[in-house]
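Undergrad: Have a look at this one before I ask anything.
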Amino acid sequence: MTEPSKTLQTIWVAAGQASTFLLGIVSSMVLARYLTKVDLATYRQVAYVHGTLAVVFTAGLPRIYSYFLPRNSMGAGPSIINKTMAALLALGSFFSLFLYFGSELIGGVLSNPLLPEALRAFAPIPLFLFPVMGIDGILATCKRTDALALYVFSSRLLMLIFILAPVILFNGTYIAAIHGWLIASIISLALGVLIQRLPYRNIKSEKTNVTYKEILAYSVPLVFASIWGTIIRSADQYFISRYFGPGVFAGYSLAMIEVPIVAMITSATSTVLFPYFSRVSQDPTAIAEMFLVWRSALAKAALFVYPTVIYCMIFATDIISFLYSAQYADAAIYFRIAMSVNLFNIVMFAPLILSVGKTKLYARVHMFAAAAIFAGMYLSVLFYPSAVGIAMIRMLTNIALVIFFMWKISGHFEIKLGELVPSRTLARIVAASLVAGAAAFCALAILDPAAPVLRLMVSAPIFAIVLLIIEYAYSLGLREILTPIMIEISRRRNR
């Protein structure tokens, strides 16, 4: 069987993540129309509590597959998976007990008297969600990202059906939605166990030498890194809401966002590269090849991310006005700042750092970054009380993290910092995007449509067309991305 290219693997992962995003939007739209505001708020708080606390209770275990599986034989894979699933099941049980018996406490903290009942109804669900967390690492390691995309889409569709059906058909409340979530989780567990075993069907199993001590030594620092990362991401909203009032906070929280396609591409690329880096980083003779793959991945991701980011920065006012109305047009400055961070976040340092086992360093640096961002924002409030200043501190902290980790990577692998990033290719993509943006901007100046939606309907096609013309003339790399897709489509047609 021909091994799928990393580009094709990344596209499969991104497709699964896109389905998660789109089905999540559909779910929110429907629930908002059928549930009361109080019921919807309670349901969303349950999801918030689960999403926040699951980071701690999973103990970083879902991420160990991408590190340990590539470093061991295929025969040891089932043993590693069984050992990790058993630990996740135990942690899921503990989390379920915590949610059930701690429901009153959590409801009091979040000031919602309806939340305890909802959490008790939700409590069994982690038992079924936790064991298959990390399935993306298993299937990406085994190069079965097509199966991963199928699983993600199927499980999210099941959730959509079972959560919405009792609400729509039987006029159910948030409790009925949670019961539907429970049923979907049970089916998803069975489906996940079946799919994650597919790569090992004809492999003779052998006992792994990986111990729980080794697993926890790698995974526990990731828990702390996730906590510090959450603080880094939420610090700005805390200071804005506390010191600048609800009016500023409303515009800031709406505009200081990330375009979904950017997160999908960078996350999908990291999912595919992590197990590859973990395997080849042990072989000194493969380091040069590893960084060729790294630079190629950055260039291909930039081909989608940079044009999106630059378009959003140029037409930020129109985008914000279209999404949230003209009264929030002034918040476009925050959107531009948020977009500028993505010019640097495309450098996905996490797969490289984590693939060589530097989880303690990863956690410590995020701890110092969390302390620095809080100190910087507090000083900004004291001496330069500006919401833009707060946004700039968040931006600079994220850029500093990228630069620091790239410096550490260059030192670890003894490679020059400038050789890690395909700067010439990235510069060409930025230049092409700026030319396309300028053409679209000039077209708007001539046609002068008034409504933001019309301005976007005019500017977006012009931007895309000019960019494609530049690609055809100067070959930015789009054809390299499309070729494996066309080959795969042709191969599947000829089966």
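The values are calculated or read from the model by the stated rules, or taken from the named source; none is laboratory data. These numbers were taken from a predicted model, which means no experiment stands behind them. A quick note on method: Cβ atoms are made from the backbone with ideal geometry, for glycine too, and the neighbour counts reach across all protein chains shown. SASA here: full protein model, heavy atoms, side chains in, ligands and nucleic acids out. Shrake-Rupley method; radii C 1.70, N 1.55, O 1.52, S 1.80 Å.
Undergrad: Two decimals, Cα atoms only, Kirkwood Rh: what is Rg/Rh over the chain?
TA: Values: Rg = 23.5 Å, Rh = 24.6 Å.
Expressed as Rg/Rh, it is 0.96.
Undergrad: Here's another thing I want to ask about it. Pop out the carbon and sulfur fraction of the accessible area of segment 274-425 as a percent, whole number, probe 1.4 Å.
TA: Values: 4320 of 6690 Å².
Carbon with sulfur: 65 percent of the solvent-accessible area.
Undergrad: Figure the gain on full extension for residue 253 and residue 431 (residue separation times 0.36 nm, minus the Cα-Cα span) and round it to one decimal in nm.
TA: Full extension from residue 253 to residue 431 adds 61.0 nm.
Undergrad: Here's another thing I want to ask about it. Given +1 on the Cβ of Lys and Arg, -1 on the Cβ of Asp and Glu, and no further charges, what dipole in debye does segment 406-484 carry about its Cα centre, rounded to the nearest 20?
TA: Here the size comes out at about 100 debye.
Undergrad: To continue, here is another question. What's the FRET efficiency of residue 33 with residue 424 using the Cβ-Cβ distance as r and R₀ = 45 Å, to the nearest 0.05?
TA: 0.35
Undergrad: For segment 50-184, with equal point scatterers placed on the C-alpha atoms only and solvent neglected, what are the log10 I(q)/I(0) values from the Debye formula at q = 0.10 1/Å, to two decimals?
TA: For segment 50-184, the Cα-only Debye profile gives -0.41.
Undergrad: In terms of the Cα gyration tensor, with a ≥ b ≥ c the square roots of its eigenvalues, is segment 165-235 rounded because a/c is under 1.5, prolate because a/b exceeds b/c, or oblate?
TA: It is oblate, given that a/c is not under 1.5 and a/b is not larger than b/c.
Undergrad: Please get the size of the charge dipole for the chain, origin at its Cα centre, with Cβ charges of +1 on Lys and Arg and -1 on Asp and Glu, quoted in debye to the nearest 20.
TA: 1000 debye
Undergrad: Continuing with this model, one more query. Residue 197 versus residue 457, label points 7 Å from Cα toward the beta carbon: distance in nm?
TA: Between residue 197 and residue 457, the simple spin-label model gives 5.3 nm.
Undergrad: Where in the chain are the DSSP H helices whose alpha-carbon span along the long axis reaches 15 Å or more and whose Kyte-Doolittle mean is at least 1.6?
TA: Within the chain the helices that satisfy the rule are 145-169, 174-196, 423-447, 452-474.
Undergrad: Then there's this: Can I get the semi-axes of segment 332-488's equivalent ellipsoid? Compute them from the C-alpha gyration tensor as square roots of 5 times the eigenvalues, in angstrom, largest first. Before the final figure, lay out each step's value.
TA: Working: eigenvalues 235, 145, 29 Å².
Result for segment 332-488: semi-axes of 34, 27, 12 Å.
Undergrad: Right, another one. Where does segment 27-90 land on Rg/Rh, using Cα atoms and the Kirkwood Rh?
TA: 1.25
Undergrad: I've got another one for you. Determine the gain in length on full extension of the stretch residue 289-residue 109; use 0.36 nm per residue of separation and subtract their C-alpha separation, reporting nm with one decimal.
TA: 59.7 nm
Undergrad: Assuming R0 = 35 Å, what is the FRET efficiency of residue 450 and residue 404, from their Cβ-Cβ distance, to the nearest 0.05?
TA: Efficiency computed from Cβ-Cβ geometry: 0.15.
Undergrad: A further question on this structure: Using just the helices of the chain, give the 222 nm mean residue ellipticity in deg cm²/dmol: DSSP H runs with n ≥ 4 each add -39,500 (n - 2.57), and the total is spread over all residues, rounded to 500.
TA: Result for the chain: -27000 deg cm²/dmol, rounded to the nearest 500.
Undergrad: A further question on this structure: Which FRET efficiency, nearest 0.05, do residue 79 and residue 325 yield, Cβ-Cβ r, R0 56 Å?
TA: 0.50
Undergrad: Treat every Asp and Glu Cβ in segment 133-249 as -1 and every Lys and Arg Cβ as +1, leave all other atoms uncharged, and give the resulting dipole magnitude about the Cα centre to the nearest 20 debye.
TA: 280 debye
Undergrad: How much accessible area per residue does segment 196-246 have, counting only protein heavy atoms and a probe of 1.4 Å, in square angstrom?
TA: 62 Å²
Undergrad: Contour minus end-to-end for residue 415 and residue 72, with contour as 0.36 nm per residue of separation and end-to-end as the Cα-Cα distance?
TA: The residue 415-residue 72 span can extend by a further 120.8 nm.
Undergrad: Using only alpha carbon pairs under 8 Å that are at least six residues apart, calculate the relative contact order of segment 295-429 and give it in whole percent.
TA: 33 percent
Undergrad: Can you compute log10 of I(q)/I(0) for segment 423-467 with the Debye formula, treating each Cα as one identical point scatterer, at q = 0.22, 0.32, 0.34 Å⁻¹?
TA: At q = 0.22, 0.32, 0.34 Å⁻¹ the computed log10 ratios are -0.68, -1.06, -1.13.
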